[in-house]
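Encoded as structure tokens, the structure appears first; notes follow it.
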Amino acid sequence: MKRLMAIWFPHLLAEGMLRRRPHLKDTLFVVAASDHGRMRITAACPAAQKQGIFVGMAVADARALVANVQVLDDEPQLPLQLLTGLGHWCIRYTPVAATDLPDGLLLDISGCAHLWGGEEKYAADIQNRLKGFGYTTRIAIAGTIGAAWALTRYGKQPIAVASFDEERAALLSLPPAALRLKLVTVERLQKLGLYTIGHFINMGRSILRRRFGTGLLDRMDQAFGWKDEPLIPLQPIEPFRERLPCLEPIVTRSGIEIALQQLLNALCERLVKEGKGIRKAVFKTYRVDGEAQQIEIGTHLPSQQPIHLFKLFELKIDQIAPALGIELFVLEALNVEKARSSQEALWHNSTVNDTRLAQLLDQLTGKLGKGIVHRYLPEEHYWPERSFREAKELGEQPTTTWHKDRPRPVRLLSVPEPVEVAAPIPDYPPMHFRHKGKLHTIKKADGPERIEQEWWLQEGEHRDYYIVEDEIGERYWLFRLGHYTGDNPHQWYLHGFFS
Amino acid sequence: MDGVQKDIVARLQQDILRLQGQRPANDPLAGKVELGPVLDAFPQQVFPTGAVHEYISGSPAATAATSGFIASILGSLMQNGGSCVWIGPEKIIFPPGLKAFGIEPDRVLFIHLKKEKDICWAMETALQVEGLAGVVSELPDLNFTVSRRLQLAVEKSGVTGFVLRQQPRKLHPTACVGRWQISSLASYHPDEMPGIGFPCWNVELQKIRGGKPGSWQLVWMDGHFLALPDTSLISSQTLLRKIG
């Protein structure tokens, strides 16, 4: 059976403003927006309301009542912002929370309340917490969204918990506006003397439809549970998620570690059953003072091993500041992939266990940052910079073979460095070259090996490569850029070092 | 010394090596590395795998020679399908160039790190992974504490570590099993052909635990190390050009 909770914030805007500007605590203030050329009040603090200021009053009238009232500008987006924030905060109580503009929240609490020892205690806990944040609330729990909504706005108690039977009786005594109707419909109902829902609930549906439109019937059906009403949660439900609420706030590192281990064990057990592994996971902690912190990890191969995942998180636990204590831990797998079977080797007949290798890479990237690990695969290009490319995945296999028919240096400068060269005739290898102020006399040379630019990839001149060996036996890879034209000297570059 | 005494001495030498953290010669990777005449310098004529070696080099070209020498050792360690990790400050190793030393370049994981402290940590972590053929790191300065930590890591996992020290500021004593210095020699061709021949190196083993340091001139030919024949040292001084 579904149980739904509605939370109403009667002074959402005023209290939200107060929370943002704590210095207004002891002053009377109203929030006003321009409406047809004059300032109209959209929200007033409770103290101002006691003085007779009400929503919809003109600011000039309010000033006449209370001279020192402070007027704040309205922010139309504020209610949505506040409600979204509060909705996210409510995820500690239930995974499904939705905003209900302009001033409420809706939670699907099916199967959650027993963790707090019953629906009354659950609702009281939420109300107390929100009160701690400075919000006045009215809360109702019922079997449908409509009933819960009606009980918050028109019920008598600040917390109303209606069981399936009570719900109907309670609804019947409420005014028609409790059905979330349009103002026109409400006025028409009142004009006809239908002051409570009970007055017209037993009338024929065709009569009601003819006089009040289908809107009334829909709302009635939704409130009494004859028609389903979907809830659009703020956060789509993540399938791989584990929660651990704590009785006492956790303040120590070992406490956090124990919580993390428990969550990982639970999550990995489920992953093993479904044959999946984590690629990316986030560990969230909710603090007593409402602050949420999170640490994130990523892996190179899908992993379902709690010990390894724990090691990755362990490097980042320092980033969590428990302050007064953490009361809820949530572990969520953001990215889950099919786990590789242990038979599938990364490289055919490899001595190293790939899981162990992937774990090493996870450890390295986890501590030292992403993008430090590179693996290269061969490409069918002669141009040295393009003869290899970076592998996208750890398990990616080369599509072509590495060539060894041409000698290639073992170390290659990423940017060729210009050198001064003396060559006897234009297409001869040089006699000597000067690099970083040091003169190298060439004793042996091989070449040229001409490598053309691939014009379909990049414009530019070709390179004539020479392997040269100097007087002490050090071997270099030099190249001359472009054709010999006769008038201007060639530019030579040092590109690599042979072993 | 008669036979019985020789046996006792050999056994005691083995025991000492084990106490010093070196692996006995029955390791699966032992004996794979064929360094030609250099092998005589090692205890039991076997290149010490599962240990950390340091290589000193002075110039970029000497570093290239050292990289080649390390790559040739790694190539033989990777023969039965291992993979290795190469940690350095920037992208400078040219993967296709490793193929000549018997390495499949796609089996090498390059890790680019700027800070020396991070390189030390990464190397230590990588050395703990059993089954890796080798871990190379380009780290100019290596102090005793770091080298000791690396040595402790390899004693457990049996991975061979190589520290390439380009232009070190100071040469402290370290816990590494061997200290090498490789420099290039004029290339060699058995038939005195013009152009560049097979790479030759002057391999200087300055320190080796339980062995005899020495200096050799080697040529890397067809995937093997050979002693450089003396005749090639008198190379022709004239500029030769391969007719292409």
### Query
Quick one, what does Rg over Rh come out to for chain A if you take C-alpha atoms and the Kirkwood Rh?
1.21
### Message
Just to be sure I understand the model, the point goes 7 Å from the Cα along the line to the Cβ. What's the resulting A:Glu380 to A:Arg205 distance in nm?
### Response
6.9 nm
### Query
Can you give the average number of partner chain beta-carbon atoms within 10 Å of each beta-carbon in peptide A:384-391, as a whole number?
2
### Summary
Inter-part gap, Cα centre of region A:140-217 to Cα centre of region A:245-324, in whole angstrom, is 46 Å
### Query
Measuring from label point to label point, each 7 Å out along Cα→Cβ, what is the B:Asn80 to B:Ser215 span in nm?
3.7 nm
### Query
How large is log10 I(q)/I(0) at q = 0.08, 0.09 Å⁻¹ when the Debye formula is applied to the Cα atoms of chain B, each weighted equally and without solvent?
-0.32, -0.40
### Compactness of region B:81-162 as Cα Rg over 2.2 N^0.38 Å, two decimals
1.07
### Task
Sort A:Tyr428, A:Tyr286, A:Tyr466 so that the residue with the fewest other Cβ atoms within 10 Å of its own Cβ comes first and the one with the most comes last.
A:Tyr428, A:Tyr286, A:Tyr466
### Message
Give me the dipole magnitude in Debye, nearest 20, for chain A about the Cα centre, with unit charges on the beta carbon: positive for Lys and Arg, negative for Asp and Glu.
### Response
2020 debye
### Task
Rank the residues A:Lys2, B:Lys170 as a footprinting-exposure proxy: fewest other Cβ atoms within 10 Å of their Cβ go first.
B:Lys170, A:Lys2
### Query
Can you list the equivalent-ellipsoid semi-axes of region A:4-161, largest first and in whole Å, using the square root of 5 times each Cα gyration tensor eigenvalue?
32, 14, 14
### Summary
Computed D for region A:94-165, Stokes-Einstein, Kirkwood radius over alpha-carbon pairs, 37 °C, 0.692 mPa s, to the nearest µm² per second, is 262 µm²/s
#### Entry: Difference of contour (0.36 nm per residue) and Cα-Cα distance, A:Thr399 to A:Leu231
55.5 nm
### Phi-based couplings in Hz for region B:132-140 (Karplus 6.51, -1.76, 1.60; Gly and Pro marked x)
5, 6, x, 10, 10, 9, 9, 9, x
### Message
7 Å from Cα along Cα→Cβ at both A:Gln261 and A:Trp455: what's the point-to-point distance in nm?
### Response
6.8 nm
### Message
Based on alpha-carbon atoms only, what is the radius of gyration of region A:56-114 relative to the globular estimate 2.2 N^0.38 Å?
### Response
1.70
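Quick note: the coordinates plus some simple rules give every number you see, no bench work behind them. Predicted model, so just to flag it, every value in this text is computed and none were measured. Neighbour counts run over all protein chains shown; Cβ positions are idealised from the backbone, glycine included.
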